[in-house]
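So the structure is just underneath, and the comments pick up after that.
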Amino acid sequence: MEIGTRIKKLRIKNGLTQAQLAKAVGVTSAAVGNYEQGISFPKESVLRKLFIALRCTPNELLCEDDFSAEDHEHLKRYSMLSEEGKRAVDECIERELSKTEDVRIAARHGDSEITLKKRANKDIFDAEDYKG
């Protein structure tokens, strides 16, 4: 997602019009429109004001991630955990990601089937039943 798309998304999330955001950061409405359309990029001084006006972190506005506000909130809460708490969460995540899903496909030759194990959240398959 480009910065312009993120600016627009955060502006709407905060219930601001382009004119209101423009006034808050000291630029014209046309400038905000240009940022949102990817025509121009905000100067550093404007970026700082955007963080405040859009109630976001620099990472939320500038980074190329697809994390939601809820994802960022989970990350903030994770960072406040003790080391023991972080280990417990990490173990839960590892258990969840290591789960597999069976996918059955027909073999090209013959009437047999092959069972593939798909690793959770990954496009990686292990063919346990395949005999070549």
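Taking 31 Å as the limit for the C-alpha separation, the pairs K49/K86; K8/K86; K43/K76; K8/K99; K49/K76 exceed it in the case of K49/K86; K8/K86; K8/K99. Overall form of segment 1-76: prolate. Here a/c, set by the Cα gyration tensor axes a ≥ b ≥ c, is 1.5 or more, and a/b is the larger of a/b and b/c. Across all directions, the shadow cast by the convex hull of segment 39-83 built on its C-alpha atoms averages 4.3 square nanometres. Checking the a/c ratio against 1.5 first, then a/b against b/c, what shape does the Cα gyration tensor give for segment 58-98? It is oblate, given that a/c is not under 1.5 and a/b is not larger than b/c.
Please work out how much length the chain gains when fully extended from N59 to S29, using 0.36 nm per residue of separation minus the C-alpha to C-alpha distance, in nm with one decimal.
On the way: separation 30, 0.36 × 30 = 10.80 nm, distance 2.39 nm.
Extra length available between N59 and S29 comes to 8.4 nm.
The length gained on full extension between L75 and V89, counted as 0.36 nm times the residue separation minus their Cα-Cα distance, comes to 3.9 nm.
Each reported figure results from applying straightforward, stated rules to the coordinates on display, with no laboratory input. Not measured: the values here are computed from a predicted model.
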